[in-house]
Amino acid sequence: MASESSHETYYVPEQSKFPFFASIGLFLTVFGLGGVLNDISAGASVTGSTWTALIGFTILSFILFQWFATTIRENHAGLNSAQLKRSYVWGMGWFIFSEVMFFAAFFGALFYVRQLSVPWLGGEGDKGSAGEFLWPQFQAAWPLLVNPDPSAYPNPHEGLNVTSWSPAFFAGYLPFWNTVILITSSVTLHFAHVALKAENRKRLIQWMSVTVGLGVIFLGLQALEYVEAYGHYGITLDSGIYGSTFFLLTGFHGFHVTLGTFMLTVMLIRCIKGHFKPNDHFGFEAAAWYWHFVDVVWVGLFIFVYCL
């Protein structure tokens, strides 16, 4: 029988109020954002809902900062055992899996609308409505917009080597360049990881800086794309199912890129401070996993939202 001393010491943190206050912040954020979307649809003012969302996000951000700072201090103090570190790995793995399911729901909605609902509205299949509930001259074609005006869009094949066109290409090659930027950022992040394992701190900081910069550039180009959509082409959340699916998919992805860029910025600061070791850098790896996941999602978006 193994003696008691043969068991691994497992550090149990003391009771904390962080989960309680984080829940409050998360609730206010989601509640406020829901109000903003409903107010936009109703044409009402979004001031109150916006402030609710901002207050909630501020609370959540402050709590998460304190929570992660505490976890980092515990690790530096040598309190985290191998078993606890394994629990971090599983926790991050399940979190990314939940994000996969989150985006799978939106991709599923896009597939259902394009492959089933729109053909049915055009009269196809047993569930086809034959246009009896729709406006005159309705055509079951994608993208489906409310009262679409084809003259509002540029020549669909002018300068574009595509077999089918979507108004998402209104901003020229912005989606393509954003794809290049995100794929490149995954490569630079991998180089940073290699440098960390090789204990090359200079290269680590250089590659991490480039990765963070690419994330910021991506967000800037996506903001420009949204300005073009709203200001010049009338593609909004209220412009039909195409606008809804387009902005929900790309918008939530943009939020994830924002979060990922922030995470990588924190990792860059920690790299500068020398927090990581070749055999102890799960915080860095967790951020890298998340960033690679976000990149894969964007590749799917580029193919199924912009190209097909």
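The values are calculated or read from the model by the stated rules, or taken from the named source; none is laboratory data. A quick note: this is a predicted structure, and the numbers were derived from the prediction, not measured. Methodologically, a virtual Cβ is constructed for each residue, glycine included, from the backbone with ideal geometry; neighbour enumeration extends over all protein chains shown. With ligands, DNA and RNA removed, areas are computed over all heavy atoms of the protein, side chains included. Shrake-Rupley method; radii C 1.70, N 1.55, O 1.52, S 1.80 Å.
Does Y226 satisfy being assigned to a helix (DSSP H, G or I) and open to solvent by less than 40 Å² (accessible area, probe 1.4 Å)? No; evaluated as a whole, the condition is false for this residue. Among the residues of the stretch 282-292, are any assigned to a helix (DSSP H, G or I), among the small types (G, A, S) and farther than 21 Å from T179 by Cα? Within the stretch 282-292, one or more residues are assigned to a helix (DSSP H, G or I), among the small types (G, A, S) and farther than 21 Å from T179 by Cα.
Being in contact (Cβ under 8 Å) with a residue 24 or more places away in the chain, out of contact with any Leu (no Cβ under 7 Å at 6 or more places or on another chain) and not in a helix (DSSP H, G or I) is the requirement here; does L79 meet it? Spelling it out, L79 is indeed in contact (Cβ under 8 Å) with a residue 24 or more places away in the chain, out of contact with any Leu (no Cβ under 7 Å at 6 or more places or on another chain) and not in a helix (DSSP H, G or I). Selection of the stretch 265-281 for residues being assigned to a helix (DSSP H, G or I) and of a type outside the set (K, R) yields T265, V266, M267, L268, I269, C271, I272. Evaluate the stretch 5-16: report whether one residue or more is of a type in the set (V, I, T), at pLDDT below 90 and open to solvent by 80 Å² or more (accessible area, probe 1.4 Å). Scanning the stretch 5-16 turns up at least one residue that is of a type in the set (V, I, T), at pLDDT below 90 and open to solvent by 80 Å² or more (accessible area, probe 1.4 Å).
Residue count for the stretch 229-246 under the criterion of being aromatic (F, W, Y) and open to solvent by less than 20 Å² (accessible area, probe 1.4 Å): the result is 2.
For residues that are within 19 Å of N80 (Cα to Cα) and either open to solvent by 40 Å² or more (accessible area, probe 1.4 Å) or over 18 Å from the mean Cα position of the chain (by Cα) (or both), tally how many sit in the stretch 268-308. Counting residues in the stretch 268-308 that are within 19 Å of N80 (Cα to Cα) and either open to solvent by 40 Å² or more (accessible area, probe 1.4 Å) or over 18 Å from the mean Cα position of the chain (by Cα) (or both) gives 13. Filtered by the rule that a residue be of a type in the set (S, T, N, Q) and part of a helix (DSSP H, G or I), the stretch 170-219 gives N178, T179, T184, S185, S186, T188, Q206, S209, T211.
The set of residues from the stretch 229-240 being in a helix (DSSP H, G or I) and touching a residue at least 40 places away in the same chain (Cβ under 8 Å) comprises A229, H232.
Taking the stated definitions as given, is A198 aliphatic (A, V, I, L, M) and loosely packed, with under 15 Cβ neighbours inside 10 Å?
Values: aliphatic (A, V, I, L, M): yes; loosely packed, with under 15 Cβ neighbours inside 10 Å: yes.
In short, yes.
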